[in-house]
1. Have a look at I226, I296 and point out the one that is more than 28 Å from L129 (Cβ to Cβ) and within 17 Å of the chain's Cα centre (by Cα).
2. Does A248 count as in contact with a Leu (Cβ under 7 Å, 6 or more places away or on another chain) and not in a strand (DSSP E or B)?
3. State which residue is nearest to E123 (Cα to Cα) when the search covers only region 217-237 and only residues that are touching a helix residue (DSSP H, G or I) at 6+ places or on another chain (Cβ under 8 Å) and in a helix (DSSP H, G or I).
4. Which residue, of G160, G168, is on the phi > 0 side of the Ramachandran plot, in a loop (DSSP other than H, G, I, E, B) and not aromatic (F, W, Y)?
5. Name the residues in region 215-239 that are in contact with a Lys or Arg (Cβ under 7 Å, 6 or more places away or on another chain), modelled with pLDDT of 85 or more and surrounded by fewer than 24 Cβ atoms within 10 Å (Cβ to Cβ), would you?
6. Before we move on, is A269 at pLDDT 95 or above, closer than 20 Å to G139 by Cα and surrounded by fewer than 22 Cβ atoms within 10 Å (Cβ to Cβ)?
7. So which residues in region 240-263 are buried (at least 24 other Cβ atoms within 10 Å of the Cβ) and among the aliphatic types (A, V, I, L, M), if there are any at all?
8. From G210, G188, grab the single residue that is surrounded by fewer than 21 Cβ atoms within 10 Å (Cβ to Cβ) and modelled with pLDDT of 95 or more.
Amino acid sequence: MSRRPVRTRLRIAVALALLSLTALTACGSGDTADSAPAGAQASPAPTGDPVAAVRKVDSVAALLPTDVRTSGTLRLGSSIGFPPGAYYPNGQDKPPAGQDIDLANAVAKVLGVKLTRQDASFETILPALSSGKYDVGTGNFGVTTERLKTVDFVTYINDGQGFAVKKGTTTLKEKVTDLTQLCGLTIGTGAGTTFEATLTAQKGVCAKAGRKPYDVKVYSENGAVITALQQGRIDVVMSTINGLRYQAAQPASQTAFLGEYHRLDVGFAFTKGSPLTKAFQAAVNELIKDGTYARILKKWGTSASAIDTSRINPPEHA
């Protein structure tokens, strides 16, 4: 019997593990995000294709650099996690689906270019932009003051940070508005995310309050977070508002959403000084104007996070 490449065997193992988790927990899933929240999603993607009718807009495409208009392609580094952002509804042998997928495809059609998509882990995409590996990155990247030092953003939605717990828990039942509510608890989150950065930067709040510090467990694999939550190795998950809300709303979900903590603009990411930002901003605004944007968000249940206009490098929300 022939041996599969290591990467193929790893993907199969991960897929089987997620399938097992779905059967074990019978829960919905979260978002890709600024790292994807925990959960697994086996159901098909929502029906309808709001991107199908999108056409090239010459005045917008003219904003692209000459070399891109000539090649007709852009390299996209894409973090695939869980709905409604970006996920595999039918396994990795099928194309990914989600809000971020639809928006990126719609922008590409307005610009008249083809996206060469490469799946990548969330924490590797922003550094890879600077090295020139990708032209643009997606993965529910929140716009933060720290990231703006090295990355340019073109916004397309307003999401942010939230918390969730295992349904029925008595450890934490109210909305988290202050991190001192987490003192003494163990929090699970994704590597390289704004969640990890926030929790790390504020870790001293418990000591100042004279309480036991919280512990942060960082995971590079999304499925590991739900495993940890269901097995009681963590008490709470910090992830995207839209993803956690989506997960908790699923009929068989075993998680409870604890509300919004901090809102963030989310955008396409580019290396600092990229000549692509004005074209992408114009393309997003074209989709907002013609109604495609609203139809995409309605399809994925994220209409409450719509923006009125796309911006380049807005300041981080206070």
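1. Going through I226, I296 in turn, just one is more than 28 Å from L129 (Cβ to Cβ) and within 17 Å of the chain's Cα centre (by Cα): I226.
2. Against the criterion (in contact with a Leu (Cβ under 7 Å, 6 or more places away or on another chain) and not in a strand (DSSP E or B)), A248 does not qualify.
3. The extreme case among them is G223.
4. After applying the criteria, what remains is G168.
5. Passing the criteria: only A228.
6. The answer is no for A269.
7. Hits for region 240-263 are I241, L244.
8. The unique qualifying residue is G210.
The values are calculated or read from the model by the stated rules, or taken from the named source; none is laboratory data. Only a predicted model underlies this, so the values are computations on that prediction, with no experimental measurement involved. Virtual Cβ from ideal backbone geometry, glycine too; neighbours counted across all protein chains shown.
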